[in-house]
1. Test residue B:159 against the stated conditions and say whether it is under 19 Å from the mean Cα position of the chain (by Cα), more than 14 Å from every other protein chain (Cβ to nearest Cβ), assigned to a loop (DSSP other than H, G, I, E, B) and surrounded by fewer than 21 Cβ atoms within 10 Å (Cβ to Cβ).
2. Could you say which residue among B:57, B:42 is touching a strand residue (DSSP E or B) at 6+ places or on another chain (Cβ under 7 Å), at pLDDT below 90 and either surrounded by 17 or more Cβ atoms within 10 Å (Cβ to Cβ) or not assigned by TED's automatic domain parsing to the domain that holds residue B:172 (or both)?
3. Among the residues of region B:131-152, is there at least one that is surrounded by fewer than 16 Cβ atoms within 10 Å (Cβ to Cβ) and either more than 15 Å from the chain's Cα centre (by Cα) or within 19 Å of residue B:27 (Cβ to Cβ) (or both)?
4. Which condition number does residue B:128 fail, the rest of (1) over 19 Å from residue B:73 (Cα atoms); (2) crowded, with 21+ Cβ neighbours inside 10 Å; (3) within 14 Å of chain A (Cβ to nearest Cβ) being met?
5. Go through region B:77-103 and report how many residues are closer than 23 Å to residue B:184 by Cβ, crowded, with 18+ Cβ neighbours inside 10 Å and touching a strand residue (DSSP E or B) at 6+ places or on another chain (Cβ under 8 Å).
6. Test residue A:240 against the criterion of being in the same structural domain as residue A:27 (by TED's automatic domain parsing), at pLDDT 85 or above and buried (at least 18 other Cβ atoms within 10 Å of the Cβ), and give yes or no.
C-alpha cells in the first residue's frame, strides 16, 4: 500500500521535475530575474555614504522648538515610535543616533559607527549633560536588508504562479483527467507537485543565496540550517496557497486575477522593500496574515540579527499551520476535470 | 454464460438542461470488443466516462467483476480518451515511464513501446508527433498496466485513412491477447471490423444491442437502393416505399426489388444513378434513429 503511494508520488514528482528543468526559458528567467533585481538595487541603494546625518528622536513628530539641538543644520531628524525599534536601528547603523528628550536627555550611540562618533560630538555641544547609552553593531546596508526580500519575493512568485498555472494548464489540457483514470489520488498528485516545486525552489534559492551573497559580500549572522527551515516551511505554505487557488478553477483569467490579488498586497506589505515598523497597526495586522511577511521577518532576524529558534518560533509555527491548512483545503476542493 | 467483466445498471446522467444518459443498462462479457455507437450528442462519451469511473452518475451503478468501481478497477483498466495532452518537454519513453510508475503491475516499458510500434520515436519529444503517432503513444499509455479492460473513446477520430488502418491493426493485436475492449466510435466501418458486439445509442438510451451480423439480419432482410437526392422528385415521396433521407441521397429499403423498381419506373424516377447494395451498420443506425451518423 505505502510502496504504491511512494511509487506513484515518485513517478509524478520525477516527471514534473524533468518538465521544469527542460523548460530552459522559464528556468533561466527564474534565475536571472532576481539576480538582475538585486544587482540593480545594490547599485541604486547600496552606496556607503548618505548625504545627511540621520538622528532618530523618540517622538510621534519632530518639534524643532523642543530642544536647540533639533535646529542643527545638515542633520535629518526622524521620529521613532518605540525605543526598541530605535535601538535596533542604531545597532544596524540605519540611524546615527537615537535621542530621548523626555526629562533628562538620553542618547544611544553605536560605538562602531564613525558617523555616530561625529553626531555625538554635535549633540554634546548643545546638550552637555545628556546621558550616554552605548551600543555596538555593524552597519546594515540597504542591500543587506533587501537581500532576504528579493529571495522571498522570488520564492513567492515561484510558489504561487509556478504551481497555480501548472495545475491549471494540466486541467485545461486534459492531463489531469487522464491522471484521474489511474490509481493516483488527489492527495498524491498535490503532494508530488508540492515536493517537486519545493525541491526546485530550494535549489534556486540556494543558488541565488550563494551567487548574490558573493556579489554583495553578504554573510548571515545566524544559522544557515535555521534559514533553510524557514525557506522549507515558507515555500510549503506558499505552494499550498497557490494550489488552493488552482485547485478548483479552470479559468486562466480568474486564477491569474486571484494570484495577482494575493501577490500585489504581499509585494507591498510583506516588507520586501522596506520595514513596516512605524506603519499603522491595521497595516501591520494585514501584513501579518501573509506567509511572506513571516518568511521575511524570520529570515531577516536570522540573517541580520543572528536570531535563534526561540526568537522566530512564532513565525515557524504560523508557516507550518498555514501550509497544512492550505494543503488540506486544496485537496478537499480539488477538481480533476476542466468543465 | 460467465459473469460480465463490466455491468451497467439503470444509468442516468442529468445535466441542468439535458438528460445525457437515460436509464441505460448493459453488460460486457469478458474477452470481446464491445462497440458503443451513436451520433454526436447521443450520450456515448458521457456513458463511457461514467463506466471509466471519472464522471459520477446521477443514479444507477457500474460494476467491475461484480463489485463497484474501486482501486482494483483503476489498477486493471486502461483508458484512451478522445483527447489527452501530456506533459510538455517529456519524450515518448519518459511519458510512458511516468504512467507505468502509477501502477503496481504492468508491462515492461520497452515491451509497450514495441507493442505500439514506437521504437523509432521513443526518444522524441511527445509534442513533436503526428496525429497517428500521438494516438499510438496514448494507446501505449493505456496499455502500461496490461489492462484486463481497455476503453477506447473514438480512437481514430481525426486520423488520416492510413493512420486509421494502422491503428486498427494495433487494436486487433490487443484483441488477439484476449483483452476486453470497449470502443466508442461513429465510424461504422471501424465498428464492423473490430466489434464482436455493439450497442447503438440515441438520446441517452440503447436502441439496439447484439453482434453486428445478427442485428443486420434482424433489421434488414432487404437490400438498399440509393438515389441522388436531385433525382428523386418530391411527388415520389408519397409512393408506398420505405424511404430514409440522408444529406445527399435518398435510400429505400426493400425485400421485393422487382416491385420497388417497377413503382419507381412508373413514377418516372430516373434510375441511371441508382445503386443497389446490401445493408450495413450505417443503414441500421439510420433505420433506428433516423439520423445521419456523421452529422
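1. Details: under 19 Å from the mean Cα position of the chain (by Cα): yes; more than 14 Å from every other protein chain (Cβ to nearest Cβ): yes; assigned to a loop (DSSP other than H, G, I, E, B): yes; surrounded by fewer than 21 Cβ atoms within 10 Å (Cβ to Cβ): yes.
Against the criterion (under 19 Å from the mean Cα position of the chain (by Cα), more than 14 Å from every other protein chain (Cβ to nearest Cβ), assigned to a loop (DSSP other than H, G, I, E, B) and surrounded by fewer than 21 Cβ atoms within 10 Å (Cβ to Cβ)), residue B:159 qualifies.
2. Details: B:57 fails: at pLDDT below 90.
One residue alone meets the criteria, B:42.
3. Checked region B:131-152: at least one residue is surrounded by fewer than 16 Cβ atoms within 10 Å (Cβ to Cβ) and either more than 15 Å from the chain's Cα centre (by Cα) or within 19 Å of residue B:27 (Cβ to Cβ) (or both).
4. (2)
5. Of the residues in region B:77-103, 5 are closer than 23 Å to residue B:184 by Cβ, crowded, with 18+ Cβ neighbours inside 10 Å and touching a strand residue (DSSP E or B) at 6+ places or on another chain (Cβ under 8 Å).
6. Details: in the same structural domain as residue A:27 (by TED's automatic domain parsing): yes; at pLDDT 85 or above: yes; buried (at least 18 other Cβ atoms within 10 Å of the Cβ): yes.
Answer is yes for this residue.
A quick yes/no check of all residues on (1) away from chain B (no Cβ under 14 Å); (2) surrounded by 23 or more Cβ atoms within 10 Å (Cβ to Cβ):
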| position | (1), (2) |
| --- | --- |
| A:155 | yes, yes |
| A:159 | yes, yes |
| A:175 | no, no |
| A:180 | no, no |
| A:207 | yes, no |
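For every residue, the table says whether it meets (1) within 18 Å of residue A:197 (Cβ to Cβ); (2) modelled with pLDDT of 70 or more.
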position: A:5; (1), (2): no, yes
position: A:17; (1), (2): yes, yes
position: A:22; (1), (2): yes, yes
position: A:45; (1), (2): no, no
position: A:53; (1), (2): no, yes
position: A:64; (1), (2): no, yes
position: A:67; (1), (2): no, yes
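The values are calculated or read from the model by the stated rules, or taken from the named source; none is laboratory data. Computed from a predicted structure; not experimentally measured. All Cβ positions, even for glycine, are placed from backbone atoms using ideal geometry, and neighbour counts span all protein chains on display.
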